[in-house]
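Notes follow once the structure below has been shown.
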Amino acid sequence: MSFLINNITRQIVRNHRQLLIQCSQFATDGKIIEEMTKKNKVVVFMKGNPEAPKCGFSNAVVQIFRMHGVDFEAHDVLADEELRQGIKDFSSWPTIPQVFINGEFVGGCDILLQMHKDGQLIDTLWKNAGIKSALAEDETEGSKDDEKSK
Amino acid sequence: MSQYTEEYLKNKLTEKLNCTHVEVIDQSDGCGGKFAAVIVSEQFAGKALLQRHRLVNSALQEELKTIHAFSQKTFTPEQWAAEQ
């Protein structure tokens, strides 16, 4: 009996190790990280997930995109230590969260917050990714139809 | 956490980026893991936000390895004057 349990335990450990190795290869490979950044129009590398962010800065990014009604793909770097380092190396940016729009690195929380405040985020979403922000409706329609009327 | 202080970071930024004004606030209750900074430098002129932040990040390359959270606001001297 105990032999059987030992055997099973060994098998589980072996599988787990294999999984870990696969994960780390996955995350450290720059090409695969690049693919991750391009897989969706908006990709966020954050701590925790959008339903339960584990850091105030990551939470701020999630809330900003929610306000703009923008769907995004999120990756939890706390679930993968190699990804946490890999994404920092990839974008030469020392902190998490990191935001990519149309495969292009946009910045972290400070930058996204600033872009949200000064309206740049609406423009970037539209021009770079063809995404119309929920906060844009009045402005874009107004400015396109009658620019000078205001 | 980290051994860095407000004063240290202020001096480092001033020296590296020729800042005309720097404010650094330790938001970590003294453990040195979380800072917020206002950075005013002529070197930011003509640079987009991302480039400005990259400049700051590279000035603090070593420090940011141990500082857990660093929030920054960057201004040119003209922008800073307009803020006041």
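The values are calculated or read from the model by the stated rules, or taken from the named source; none is laboratory data. Note that the structure is predicted; figures quoted are calculated from it, not measured. Counting neighbours? That spans all protein chains shown, and the Cβs are built from the backbone with ideal geometry, glycine included. Ligands, DNA and RNA are stripped out before the accessible areas are found, and what is left, the full protein with its side chains, is counted by its heavy atoms. Shrake-Rupley method; radii C 1.70, N 1.55, O 1.52, S 1.80 Å.
How large is log10 of I(q)/I(0) for the stretch A:29-133 at q = 0.17, 0.20 Å⁻¹ when the intensity is taken from the Debye formula with one equal scatterer per alpha-carbon? Rounded to two decimals, the profile gives -0.70, -0.99. Taking all protein chains into account, the per residue accessible area for the stretch B:6-83 stands at 51 Å² (1.4 Å probe). Restricting attention to the stretch A:29-133, the count of lysine pairs at 8 or more positions apart or across chains with alpha carbons under 26 Å apart stands at 29. Burial here means at least 10 square angstrom less accessible surface with every protein chain in place than with the chain by itself, probed at 1.4 Å; in the stretch B:24-56 the buried residues are B:LYS34, B:LEU49, B:LEU50, B:HIS53, B:ARG54. When the trypsin sites (Lys or Arg not before Pro) in the stretch A:41-134 are filtered for DSSP coil states and for at most 14 other beta-carbon atoms within 10 Å of their beta-carbon, the remaining sites are A:LYS54.
Note that the stretch A:46-55 has calculated 3J(HN,Hα) couplings of 9, 9, x, 10, x, 6, 9, x, 10, 6 Hz, one per residue in order, obtained from phi through the Karplus relation 6.51 cos²θ - 1.76 cosθ + 1.60 (θ = phi - 60°); glycine and proline are x. Against chain B, whose longest principal axis comes from its Cα atoms, helix B:49-59 is set at around 50 degrees.
Residue by residue along B:60-73, Cβ atoms of other protein chains within 10 Å of the local Cβ number 3 on average. Between chain B and chain A, roughly 1100 Å² of accessible surface gets buried, counting both sides and using a 1.4 Å probe.
May I ask you to list the GluC sites (Glu not before Pro) in the stretch A:46-146 that are in a DSSP loop and have at most 11 other Cβ atoms within 10 Å of their Cβ?
A:GLU51
Helix B:6-17 axis versus longest C-alpha principal axis of chain B: approximately 40°, rounded to the nearest ten.
For the stretch B:1-71, carbon and sulfur atoms together expose 47% of the accessible surface, with a 1.4 angstrom probe and every protein chain in place. Going from the chain on its own to the full set of protein chains, the stretch A:81-115 has these residues losing 50 Å² or more of accessible surface (heavy atoms, 1.4 Å probe, no ligands, DNA or RNA): A:TRP93, A:PRO94, A:ASP110, A:ILE111.
Gyration tensor over the Cα atoms of the stretch B:6-83: the corresponding equivalent ellipsoid has semi-axes (square roots of 5 times the eigenvalues, largest first) of 21, 13, 11 Å. Mean projected area of the Cα convex hull of the stretch A:62-122, taken over all directions, amounts to 4.3 nm².
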